[in-house]
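Take a look at this one; I'll ask things after.
The values are calculated or read from the model by the stated rules, or taken from the named source; none is laboratory data. The model shown is predicted, which means the values in this text are computed figures rather than measured ones. Counting neighbours? That spans all protein chains shown, and the Cβs are built from the backbone with ideal geometry, glycine included.
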Amino acid sequence: MPLIDPVLLKDRLATQSGRFDVDALDECDSTSSELLRRADRGAPSGTVVVADRQTAGRGRRGRQWLSQPEQSLTFSLLWRFPGNAMRLAGLSLAVGLAVAEALEQLGAQGVRLKWPNDILLAQGDGFAKLGGILIELTSDRRGAQAVIGIGINLAPPAGDLLQPAAGLGQAMRQVPERHVLFAAILERLAVILDLFAVHGFPGAKTAWQRLHAWQDMPVSILGEERVITGTCLGVDDDGSLLLQTESGIERILSGDVSLRRA
Ligand code: ATP
Ligand code: BTN
């Protein structure tokens, strides 16, 4: 029996339960890979795949995502949007906002956002990674669709990581029961994704910046060819990162870079 019972989850989701069709698996390669296959076969918007164990969990840029049953929540959600994929700029930021707001609503403290796809937890005078978001977009004649993969640590994962990791247990006295946690995140996602479909990222920008880990702080952007250092001004309406550098304002559009506190 998987750790998530879709019937219990449906009860928890109450009025929003009709928006989601949840399949809970003991194991799969990656919930996002599994959902991409189902999307190809015509799965509807709102399809969710959650798995206790991923044998090939993926992060951005082909990186590995570590998770353990009992100590993680790993799931993917399929969402369709009218129009083409160009309109989905900033979607990973809006999704991060939904997750962070759901965690705050459950009582978590110190949850922050890092551009473009990380959920962080304040620890001492730094941050550790609490969760990650992987967005994969496709479009066809009917519009654009996003496979939104979300991994959240309930406890920090075992294994070697380049950056510090955190678990939800460090953000609140007691981690909520798994169905309560999952339902809160899905509910907030439905609200934010509805807003996003109408207003795009501009509708979420102010709220995102409230939770931005490095607002107005010195940061470096490590690209393949150059390093840009400056003061982080936040994000623009299209979800790009704005940096005040000595030579003016730099706009970082691509997520294929690493952002670091300078
Ligand atoms: P960068 O800023 O260079 O992109 P990042 O840490 O934000 O670094 P991502 O590609 O966003 O990198 O996320 C993938 C990384 O997350 C992996 O390289 C791995 O180091 C780290 N990671 C993998 N599993 C976990 C986990 N469960 N918790 C925290 N971090 C993890
Ligand atoms: C990142 O930080 O680079 C993104 C990590 C995304 C991990 C989640 S776990 C559920 C879904 N399935 C995957 O293989 N990846 C995402």
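Within the stretch 27-35, is even one residue more than 11 Å from ligand 2 (Cβ to nearest atom), over 19 Å from Glu187 (Cα atoms) and either β-branched (Val, Ile, Thr) or part of a strand (DSSP E or B) (or both)?
Checked the stretch 27-35: at least one residue is more than 11 Å from ligand 2 (Cβ to nearest atom), over 19 Å from Glu187 (Cα atoms) and either β-branched (Val, Ile, Thr) or part of a strand (DSSP E or B) (or both).
Also, I was wondering about something else. Being modelled with pLDDT under 95 and of a type in the set (Lys, Arg) is the requirement here; does Arg60 meet it? Steps first, answer last, please.
Numbers: modelled with pLDDT under 95: yes; of a type in the set (Lys, Arg): yes.
For Arg60, the condition - modelled with pLDDT under 95 and of a type in the set (Lys, Arg) - is met.
Residues Gly203, Gly169, Gly223: which one is surrounded by 14 or more Cβ atoms within 10 Å (Cβ to Cβ) and either modelled with pLDDT under 95 or more than 27 Å from Gln109 (Cβ to Cβ) (or both)? First the steps, then the outcome.
Details: Gly169 fails: either modelled with pLDDT under 95 or more than 27 Å from Gln109 (Cβ to Cβ) (or both); Gly223 fails: surrounded by 14 or more Cβ atoms within 10 Å (Cβ to Cβ).
After ruling out the rest, the residue left standing is Gly203.
So which residues in the stretch 1-44 are in contact (Cβ under 8 Å) with a residue 60 or more places away in the chain and of a type in the set (Lys, Arg), if there are any at all?
Selection gives Arg12, Arg19.
Go through Ala100, Ala85, Ala89 for me and flag whichever is among the small types (Gly, Ala, Ser) and either within 14 Å of ligand 2 (Cβ to nearest atom) or under 23 Å from Pro157 (Cα atoms) (or both).
Numbers: Ala85 fails: either within 14 Å of ligand 2 (Cβ to nearest atom) or under 23 Å from Pro157 (Cα atoms) (or both); Ala89 fails: either within 14 Å of ligand 2 (Cβ to nearest atom) or under 23 Å from Pro157 (Cα atoms) (or both).
Just one listed residue meets the conditions, Ala100.
Among the numbered conditions (1) in contact with a strand residue (DSSP E or B) (Cβ under 8 Å, 6 or more places away or on another chain); (2) within 15 Å of ligand 1 (Cβ to nearest atom), tell me where Asp256 comes up short.
(1)
Which of the residues spanning the stretch 110-154 are modelled with pLDDT of 95 or more and among the β-branched types (Val, Ile, Thr)?
Val111, Ile119, Ile133, Ile135, Val147, Ile148, Ile150, Ile152
Which of the following residues is over 24 Å from Asp194 (Cβ atoms), within 18 Å of the chain's Cα centre (by Cα) and more than 15 Å from ligand 2 (Cβ to nearest atom): Gln64, Gln54, Gln71, Gln109?
On the way: Gln64 fails: more than 15 Å from ligand 2 (Cβ to nearest atom); Gln54 fails: more than 15 Å from ligand 2 (Cβ to nearest atom); Gln71 fails: more than 15 Å from ligand 2 (Cβ to nearest atom).
Unique residue meeting the criteria: Gln109.
Name the pairs whose Cβ atoms lie under 6 Å apart, with the first residue in the stretch 50-75 and in contact (Cβ under 8 Å) with a residue 12 or more places away in the chain, the second of a type in the set (Lys, Arg) and within 11 Å of ligand 1 (Cβ to nearest atom), and 6 or more positions between them or separate chains?
Hits for this filter: Trp65/Arg58.
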